[in-house]
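Engineer: One structure, as structure tokens, below. Some questions next.
The values are calculated or read from the model by the stated rules, or taken from the named source; none is laboratory data. Being a predicted model, the structure only gives us computed values, none of them experimental. Using ideal geometry, Cβ is built from the backbone for each residue, glycine included, and neighbour counts are taken over all protein chains shown. Only protein heavy atoms, including side chains, enter the accessible area calculation; ligands, DNA and RNA are left aside. Shrake-Rupley method; radii C 1.70, N 1.55, O 1.52, S 1.80 Å.
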Amino acid sequence: MDGVNGLYALKPWYTARLDPVLRQLVLRRVPPAVLTAGGVGAAGAAGAALALMRPGLPTALLVGALLAGRLACANLDGAVARRTGRTTRRGAVANELGDRLADLLALAGAAALAPPALVLGAALAACAPSWVSLAGAAAGAPRLQGGPVGKTERCALLVAVAATGWATPLLVVLGAGSLVTAGLRLVRLRAALGGEGSVRLWTTPGSAS
């Protein structure tokens, strides 16, 4: 299952391309929180462009540029924190909340082109892979990443919506692909935890919520 990484497999290459930007951010002592907020802002602007502009190449280029900025910020905030020794638990929480909010804001723009119920369903499905990964990390497993429909693929699908206006079928693909991704991560999580029995897993003291 580890080979199902989608566009996440390109992350090392992409991270290397961002290294000059990272060095400048570290040099200028830019706080990681500013980058987290910048990613949320870029995603919100992408959602607004999706809602307010007619589908076509100009909209796709704008939405693509904004979502590229969102992905860059999502990569750089943690990198800056690690490079400057400013990693904190509060920062990790802010990073996760910022990622989820950015997803929801970008997807919200599609409500101008598709039934709101479908957009809501796609948004909930888009959060599912991260919920699985965070649950696994809380249980002591490695943080699971990758596709087939992860953060990068969701951005690519929204750019396709901006280009074509085919919001309904593309949101169905986004939602279904996200649920498949969550399912695959669950399988990987079970393997990472050594196949612990369900009773033991769910009755750990203090885990009820």
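Engineer: I'd like to know how region 82-132 sits against the 2.2 N^0.38 Å rule of thumb: what's its Cα Rg over that expected value?
Structural biologist: Numbers: Rg = 14.3 Å, N = 51, 2.2 N^0.38 = 9.8 Å.
Its radius of gyration relative to the 2.2 N^0.38 Å reference: 1.46.
Engineer: Can I ask one more? So if R0 is 30 Å, what FRET efficiency would A16 and V93 give, r being the distance between their Cβ atoms, rounded to the nearest 0.05? Before the final figure, lay out each step's value.
Structural biologist: Numbers: r = 28 Å, r/R0 = 0.93.
Plugging the Cβ-Cβ distance into 1/(1 + (r/R0)^6) gives 0.60.
Engineer: Also, I was wondering about something else. Based on Cα positions only, what radius of gyration and what Dmax would you give for region 100-202, in angstroms?
Structural biologist: According to the Cα coordinates of region 100-202, Rg and Dmax are 15.1, 49 Å.
Engineer: Taking the Cα centre as origin and putting +1 on Lys and Arg beta-carbons and -1 on Asp and Glu beta-carbons, what dipole magnitude results for region 72-175, to the nearest 20 debye? Each step should come with its number before you reach the end.
Structural biologist: Working: 9 positive and 5 negative charges, 91 e Å.
Roughly 440 debye for region 72-175.
Engineer: OK, next. Mind jotting down the distance between the C-alpha centroids of region 96-157 and region 17-32, whole Å?
Structural biologist: Computed from Cα coordinates, the inter-centre distance equals 27 Å.
Engineer: Next question, about the same structure. What order, most packed first, do the peptides 30-39, 84-93, 66-75, 132-141 have when packing is the mean number of other Cβ atoms within 10 Å of each residue?
Structural biologist: Details: 30-39: 19.5, 84-93: 11.2, 66-75: 21.8, 132-141: 15.5.
Ranked by mean Cβ neighbours within 10 Å, highest first: 66-75, 30-39, 132-141, 84-93.
Engineer: Something else about it: Just the Cα atoms of the chain, one point each, no solvent: what log10 I(q)/I(0) does Debye give at q = 0.14, 0.15, 0.18 Å⁻¹?
Structural biologist: Treating every Cα as an identical point scatterer, log10 I(q)/I(0) equals -0.88, -0.99, -1.30.
Engineer: Here's a follow-up. May I ask you to derive the FRET efficiency for L120 and A192 from their Cβ-Cβ distance with R0 = 25 Å, giving the value to the nearest 0.05?
Structural biologist: On the way: r = 31 Å, r/R0 = 1.24.
It comes to 0.20.
Engineer: How compact is region 30-142 by the rule of thumb for globular proteins, expressed as Cα Rg over 2.2 N^0.38 Å? Please list the in-between numbers first.
Structural biologist: Details: Rg = 15.4 Å, N = 113, 2.2 N^0.38 = 13.3 Å.
Here the Cα radius of gyration is 1.16 times the empirical estimate.
Engineer: Also, I was wondering about something else. With charges set only on the Cβ (+1 for Lys and Arg, -1 for Asp and Glu), what does the dipole of the chain come to about its Cα centre, in debye to the nearest 20?
Structural biologist: Numbers: 20 positive and 8 negative charges, 126 e Å.
Roughly 600 debye for the chain.
Engineer: Give me the one-decimal nm value for the distance between modelled label points at R83 and M53, 7 Å along each residue's Cα-to-Cβ direction.
Structural biologist: If labels sit at R83 and M53, their model points lie 2.9 nm apart.
Engineer: Something else about it: Over region 56-186, what is the mean sequence separation of C-alpha contacts under 8 Å (at least six apart), divided by residue count, expressed as relative contact order in percent? Provide the component values of the computation, followed by the final result.
Structural biologist: Values: 119 pairs, mean separation 46.9, N = 131.
Reported as a whole number, the value is 36 percent.
Engineer: How big is the accessible area of L186 in square angstrom, nearest 10, if you roll a 1.4 angstrom probe over the protein chains?
Structural biologist: Number for this one is 100 Å².
Engineer: On to the next question. Once you have the Cα-Cα distance between W166 and A135, take 0.36 nm times their residue separation minus that, and quote the gain in nm to one decimal. Spell out each step's value before the answer.
Structural biologist: Working: separation 31, 0.36 × 31 = 11.16 nm, distance 3.35 nm.
Gain on stretching W166 to A135: 7.8 nm.
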